[in-house]
Amino acid sequence: MIGRFLEISVHAPEVLASLGFYERLGFTQLTTGEAWPYPYAVVTDGRLAIGLHQHELPQSPLLSFVLPGLFEHVEELERLGIEFLSRRLGGDVFNEVSFATPGGHLLRLLEARTFSPSDRAPGATSRLGWFEEVALPVDDVKAVAGFWERLGFAPVEEGDDPYPHIGLTSDTLNVALLHAGSLSRPALVFTDAGMAARVRALEDTGIEFARRLPARLDPARHALLVAPEGTQLLLVTAE
């Protein structure tokens, strides 16, 4: 319905600082195109792409998808009740639209890719472990889940670990909706059965973790990193 997931787009005031941070974590840089008229870089772990935009975004992070033939899909999306916050459509521009979910999180749909595909092996990971999902805190989990289902996501689980949530999936992205009190803002979630060893190895290289974790999270099993641009990276010990 909304295309293929492209990247987590974040506002990175100092692109080089953020780029260096992610490379220390085992991400690799991808070749970008000229879609944006400002410094822009992309890093990937093989599953997740993070777009570092040296330009203020309407929200950071926001989720970006590629929907070929975007112009032809606009009316279909409007029939679903989607109200676009911005739109740039035409034969002489890079087509894009954006809208908000009921939970207040922004999604951006683009006509085409803004970077070259990764040549990392399928199943590759970074030093953070397996990219599991993007966690989105919302006030009304079930209502927001229904909206994501209308966008083509399928519910796959409803659980309590590491926080009460509803999990949804598409063929390119997993989303976890959780109550706003569990996290203060969105986070990228990575999992591994041996996460404690990963955390110690990162600390040995000088990586500094957040001293305080969000409510309910056990610091003996989980850890939180905050990237230079403010992106939250939540490291979870998998069962």
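The values are calculated or read from the model by the stated rules, or taken from the named source; none is laboratory data. Computed from a predicted model, the values in this text were never measured in an experiment. Here the Cβ positions follow ideal geometry from the backbone for every residue, glycine too, while neighbour counts run over all protein chains shown.
Observations on the model:
- Some residue of segment 190-197 being touching a Phe, Trp or Tyr at 6+ places or on another chain (Cβ under 9 Å), closer than 26 Å to HIS11 by Cβ and surrounded by fewer than 19 Cβ atoms within 10 Å (Cβ to Cβ): no
- Subset of segment 13-54 (residues that are without any contact (Cβ under 8 Å) to a residue 60 or more places away in the chain, under 23 Å from LEU202 (Cα atoms) and not in a helix (DSSP H, G or I)): GLN29, VAL43
- Taking segment 181-212 as the range and being within 17 Å of the chain's Cα centre (by Cα) and assigned to a loop (DSSP other than H, G, I, E, B) as the test, the residues that pass are LEU183, SER184, ARG185, PRO186.
- Inter-residue pairs, beta-carbon under 6 Å, first within 23 Å of ASN174 (Cβ to Cβ) and in segment 63-84, second of a type outside the set (Phe, Trp, Tyr) and part of a helix (DSSP H, G or I), 6+ apart: LEU67/HIS73; LEU80/ARG150
- The single residue among LEU168, LEU213, LEU178 that is among the aliphatic types (A, V, I, L, M) and closer than 30 Å to GLU14 by Cα turns out to be LEU213.
- Applying the criterion of being in a loop (DSSP other than H, G, I, E, B) and small (Gly, Ala, Ser) to the residues of segment 110-139, the residue that is farthest from the chain's Cα centre (by Cα) is ALA121.
- None of THR231, THR169 is over 14 Å from GLU132 (Cα atoms), within 14 Å of the chain's Cα centre (by Cα), β-branched (Val, Ile, Thr) and surrounded by 15 or more Cβ atoms within 10 Å (Cβ to Cβ) except THR231.
- Checking the stated criteria, ALA124 turns out not to satisfy the condition of being modelled with pLDDT of 95 or more and either over 16 Å from ALA238 (Cα atoms) or of a type outside the set (Phe, Trp, Tyr) (or both).
- Residue match in segment 65-80 (condition: crowded, with 20+ Cβ neighbours inside 10 Å, assigned to a strand (DSSP E or B), in the same structural domain as GLU96 (by TED's automatic domain parsing) and modelled with pLDDT of 95 or more): yes
- Count - residues of segment 5-44 that are within 15 Å of the chain's Cα centre (by Cα) and at pLDDT below 95: 0
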